[in-house]
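Engineer: This structure is in structure tokens; I'll ask about it shortly.
The values are calculated or read from the model by the stated rules, or taken from the named source; none is laboratory data. It should be emphasised that the depicted structure is a prediction, and the values quoted were computed from it without experimental measurement. Cβ placement follows ideal geometry from the backbone for every residue including glycine, while neighbour counts extend to all protein chains displayed.
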Amino acid sequence: MTVLTVAQERFRAMKSHVDFAPVIRFAVEGGFAPDERSAERVLDGVLQWLVGHASAEHAQTPYVMMNGDVDEMFHALILNTRIYLQLCREHIGFYIHHTPLDAEEAEGVEEGIGYTIDYILDTFGDLVSPSILHWKEQFDRGELTASSVSCMGNGYEPAVKELLDIDDFRTFWDRNVIEGTA
């Protein structure tokens, strides 16, 4: 019997409890992926990156997202706001922002490239997405630099609570529906 890590279990739960079909269709129709099979594989990379982000604080070294197919699929997922919010609420535990990296933040980001790749590889082992393996291949060839990073440091931010006075991810309607009227 194979024993899964908490991160692997979270990844499998996401895959089995969230309907990603609209994201896959949107990704193909919007040009984020060439076909459904490719979109599904790349989405696995996004989900593994998200789980890796949520599984540890990553306080000492930046946890980063590389430009390319995983980043593009992350955009497609975020644009499907209801699905992304459900994913964050039910499986991540907090909202992960995608804030583009600017030139001023680039210092120290290269260390995060190898760190992020190794973290995901160690966390997912044989289950790792081919898209993440592609990052590893690019890294080993010396092709990933600070300019390859699309975002970093997008962890928990209390702004949702502080600015909107919403301490959970339920929508206004979820919180205010009168029982029996929905």
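Engineer: Suppose the filter is among the hydrophobic types (A, V, I, L, M, F, W, C), surrounded by 12 or more Cβ atoms within 10 Å (Cβ to Cβ) and modelled with pLDDT of 95 or more; does F20 pass it?
Structural biologist: Working: among the hydrophobic types (A, V, I, L, M, F, W, C): yes; surrounded by 12 or more Cβ atoms within 10 Å (Cβ to Cβ): yes; modelled with pLDDT of 95 or more: yes.
So F20 passes the test.
Engineer: Is it the case, given these coordinates, that H58 is surrounded by 14 or more Cβ atoms within 10 Å (Cβ to Cβ), within 23 Å of T145 (Cα to Cα), touching a residue at least 12 places away in the same chain (Cβ under 8 Å) and out of contact with any helix residue (DSSP H, G or I) (no Cβ under 7 Å at 6 or more places or on another chain)? Before you say what the answer is, go through the steps one by one.
Structural biologist: Details: surrounded by 14 or more Cβ atoms within 10 Å (Cβ to Cβ): yes; within 23 Å of T145 (Cα to Cα): yes; touching a residue at least 12 places away in the same chain (Cβ under 8 Å): yes; out of contact with any helix residue (DSSP H, G or I) (no Cβ under 7 Å at 6 or more places or on another chain): yes.
Yes.
Engineer: Every residue in region 1-24 that is within 19 Å of N80 (Cβ to Cβ), β-branched (V, I, T) and in contact (Cβ under 8 Å) with a residue 24 or more places away in the chain, please. Before you say what the answer is, go through the steps one by one.
Structural biologist: Filtering region 1-24 for residues within 19 Å of N80 (Cβ to Cβ) gives 11, 13-24.
So of that shortlist, the ones also β-branched (V, I, T) come out as 18, 23-24.
V18, V23 - these are the residues of region 1-24 that are within 19 Å of N80 (Cβ to Cβ), β-branched (V, I, T) and in contact (Cβ under 8 Å) with a residue 24 or more places away in the chain.
Engineer: Please go through region 1-44 and pick out each residue that is over 25 Å from G125 (Cα atoms) and not hydrophobic (A, V, I, L, M, F, W, C). Walk me through how you get there before you give the answer.
Structural biologist: Narrowing region 1-44 to residues over 25 Å from G125 (Cα atoms): 21-23, 25-32, 34-35.
Matches in region 1-44: P22, R25, E29, G30, G31, P34, D35.
Engineer: Could you go through region 25-41 and let me know if any residue there is closer than 14 Å to V128 by Cβ and either free of Cβ contacts under 8 Å to residues at least 60 places away in the same chain or assigned to a helix (DSSP H, G or I) (or both). Explain how you work it out, then say what you get.
Structural biologist: The initial filter retains those residues of region 25-41 that are closer than 14 Å to V128 by Cβ, namely 41.
Cutting the leftovers down to either free of Cβ contacts under 8 Å to residues at least 60 places away in the same chain or assigned to a helix (DSSP H, G or I) (or both) gives us 41.
Yes, that holds for at least one residue.
Engineer: Oh, and also: Any chance you could count how many residues in region 135-147 are assigned to a helix (DSSP H, G or I) and farther than 17 Å from G45 by Cα? Give the derivation first.
Structural biologist: Narrowing region 135-147 to residues assigned to a helix (DSSP H, G or I): 135-140, 146-147.
Now narrow it down to the ones that are farther than 17 Å from G45 by Cα: 140, 146-147.
The qualifying residues number 3.
Engineer: Another one. What pairs can you find where one residue is in region 70-88 and more than 18 Å from A13 (Cα to Cα) and at pLDDT below 90, the other is surrounded by 16 or more Cβ atoms within 10 Å (Cβ to Cβ) and of a type in the set (V, I, T), and their Cβ atoms are less than 6 Å apart, with a gap of 6+ or different chains?
Structural biologist: From region 70-88, no pairs qualify.
Engineer: Which count do you get for residues in region 70-92 that are loosely packed, with under 13 Cβ neighbours inside 10 Å and of a type in the set (V, I, T)?
Structural biologist: Here is the first cut: in region 70-92, the residues loosely packed, with under 13 Cβ neighbours inside 10 Å are 81-82.
Next, only the ones that are of a type in the set (V, I, T) stay: 81.
Total meeting the criteria: 1.
Engineer: Hey, another quick one. Across region 93-114, what is the total count of residues that are surrounded by 16 or more Cβ atoms within 10 Å (Cβ to Cβ) and at pLDDT below 85?
Structural biologist: Looking only at that region, the number is 4.
Engineer: Is it true that E40 is farther than 19 Å from R82 by Cα, out of contact with any His (no Cβ under 7 Å at 6 or more places or on another chain) and surrounded by 12 or more Cβ atoms within 10 Å (Cβ to Cβ)? Working first, answer last.
Structural biologist: Details: farther than 19 Å from R82 by Cα: no; out of contact with any His (no Cβ under 7 Å at 6 or more places or on another chain): yes; surrounded by 12 or more Cβ atoms within 10 Å (Cβ to Cβ): yes.
No, not satisfied.
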